[in-house]
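The values are calculated or read from the model by the stated rules, or taken from the named source; none is laboratory data. Nothing here was measured: the structure is a model prediction, and the numbers come from that model. So basically every Cβ, Gly included, is an ideal-geometry build from the backbone, and we count neighbours across all protein chains shown.
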Amino acid sequence: MSSAHTLSRQHDFPSDFVWGVATSSFQIEGAAHADGKGPSIWDTFCQVPGAIADASDGLIACEHYERWQEDVNLIASLGVNAYRFSISWPRVQPMGQGEFNEAGLNFYAQLVDGLLAKGIAPYVTLNHWDLPQALQDQGGWANRDTVQHFVNYASAIFKRLGNRVAAYTTHNEPWVIAVLGHESGIFAPGLKSRAIAAQVSHHLLLSHGMTLQALRAQGCTVPLGIVLNLSPTVPATPSAADQAKALLEDGRLLRWYMDPLFKQAYPQDVIDDLGEQAPHIEPGDLEIIATPIDYLGVNYYTRSVVSADGSWKPQNSGLPLNDMDWEIIPECLTQLLVRMHHDYPLPPIYITENGGAFPDPLRDGQVNDQDRIAYIDQHIAAIGHARDQGVQVQGYMVWSLMDNFEWSSGYSKRFGIVHVDYKNQNRSYKASAVWYRDFLAYQRLQKNGTPSSASAEKNRVTGVV
Ligand code: FCB
């Protein structure tokens, strides 16, 4: 089945453009207690009554820990040249400090080897939120000691995986960890303190900079970076109150991370707004945070609309919404990238996550997700527009390879281009997977005259639509 969505084909992407799919450890691996893995804060959080919409957990998830070879074949069958995944810190270091777990390290070493054997570049994220619970018991990211523990953990990963991977990312979406995890408390570890959230964000950034320095000192030559969740922040109405609130939110979401990374300073308007809740910063911290990165990962899903009285609802906007009630507005991705290009001395950019949850009805064993195809098509085109305006975007990764544990939404929201039947763990292409595979084959044809990579054909997964 192929689809008519072809906006993305009207743009020229270089032959070395990185096309991938993305996942994260807690969302797909399962095997929560297997082979010496320690508990993570998400294992704990899932036990809190009411924390997860469908009262589910990550105990089984997509059984990727057992099925990783099948999944590598699945990834290869799409014809992508990259796969972004994360390492579960408590799987490789159950207590978050001290002893490492050989079975855990070995799991990721095999995964990297398996990907490389298929010609797929491994993009490794060191922290996609599943902090060891043992460290949370000592204050987690609010405790400055966690910074050094993270550097030690990252160094051990580098020692094992070395320069065989395509890139290392320190943290995925520090805003989410800080604000959703420690201020609103809707994500693990579920705390509700603005002061703690601010301190957590500072420690995440500090550990990012220290890790870059440590890995480079240990001989790391592959690109190092961080992944931020970014959106343009717009006022719900032109009123002065809404505009002021939107500016502050832009500071909290974007400038709070971009300014220290690229300008060695936190934005003063946010510091002023935090007042006594501003983080404790030690001399030298900001210099470390501003250690140059080789690339910046941007996760983009939607814009952020802000009203001073909190009354704005996505249903008011008239824009199409996805199954998360997130507005679908691809032009905001172009806008965001062009604005960042003007405001900061950007390194190469990768769109490390983009995609959508849609209702995905299963009919005759098939998911004909034209809405998801349209979304991906439009957003790839939006990247093309940004590239036309001089933004150096070098890669795009669909969130997600397959349906998985969507944090506080549990399994009720499906982001995959591959459908997962949680009763038997069968994976099957949705129409969007077929579309993406065809789009990638078209890209190869444009660039070097080969419609499909050898591995894409050879490794077609049996049973896949
Ligand atoms: C991002 C997360 C990712 C996934 C998507 C939908 O914030 O990084 O794990 O949940 O949202």
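What is the one condition in (1) within 26 Å of Ser86 (Cβ to Cβ); (2) crowded, with 21+ Cβ neighbours inside 10 Å that Pro347 does not satisfy?
(2)
From Ala381, Ala357, grab the single residue that is within 16 Å of the ligand (Cβ to nearest atom) and either over 21 Å from the mean Cα position of the chain (by Cα) or of a type outside the set (Asp, Glu) (or both).
Ala357
Which fully enclosed helices (runs of 4 or more DSSP H) of segment 248-322 have 3 or more residues being touching a residue at least 60 places away in the same chain (Cβ under 8 Å) and over 30 Å from Phe85 (Cβ atoms)?
none
Of all residues in segment 323-352, how many are in contact with a Ser or Thr (Cβ under 8 Å, 6 or more places away or on another chain) and either within 22 Å of His128 (Cβ to Cβ) or not in a helix (DSSP H, G or I) (or both)?
Final tally of qualifying residues: 7.
I'd like the full set of residues that are crowded, with 21+ Cβ neighbours inside 10 Å and not small (Gly, Ala, Ser), limited to segment 20-42.
Val21, Thr23, Phe26, Gln27, Ile28, Glu29, Lys37, Ile41, Trp42
From the list Val222, Val227, Val234, pick out the single residue that is within 16 Å of the ligand (Cβ to nearest atom) and either surrounded by 14 or more Cβ atoms within 10 Å (Cβ to Cβ) or not in a strand (DSSP E or B) (or both).
Of Val222, Val227, Val234, the one residue that is within 16 Å of the ligand (Cβ to nearest atom) and either surrounded by 14 or more Cβ atoms within 10 Å (Cβ to Cβ) or not in a strand (DSSP E or B) (or both) is Val227.
Looking for something touching a strand residue (DSSP E or B) at 6+ places or on another chain (Cβ under 6 Å), at pLDDT 95 or above, within 14 Å of the ligand (Cβ to nearest atom) and not aromatic (Phe, Trp, Tyr) - is there at least one such residue anywhere in segment 41-61?
No: zero hits.
Given (1) farther than 22 Å from Pro223 by Cα; (2) exposed (fewer than 15 other Cβ atoms within 10 Å of the Cβ), where does Gly390 come up short, assuming only one miss?
(1)
Against the definition (more than 16 Å from the ligand (Cβ to nearest atom), touching a Cys at 6+ places or on another chain (Cβ under 9 Å) and closer than 29 Å to Pro348 by Cα), how does Leu212 come out, yes or no?
yes
Under 6 Å between Cβ atoms, at least 6 apart or on separate chains: pull out the pairs that start in segment 23-46 with a residue that is within 18 Å of Gly96 (Cα to Cα) and end on any residue that is of a type in the set (Ser, Thr, Tyr) and in a loop (DSSP other than H, G, I, E, B).
Ser25/Ser88
Can you find even one residue in segment 189-207 that is within 16 Å of the ligand (Cβ to nearest atom) and either touching a strand residue (DSSP E or B) at 6+ places or on another chain (Cβ under 9 Å) or within 30 Å of Asn106 (Cβ to Cβ) (or both)?
Within segment 189-207, one or more residues are within 16 Å of the ligand (Cβ to nearest atom) and either touching a strand residue (DSSP E or B) at 6+ places or on another chain (Cβ under 9 Å) or within 30 Å of Asn106 (Cβ to Cβ) (or both).
With the requirement that a residue be touching a helix residue (DSSP H, G or I) at 6+ places or on another chain (Cβ under 9 Å) and more than 16 Å from the ligand (Cβ to nearest atom), what does segment 311-328 give you?
Trp312, Pro320
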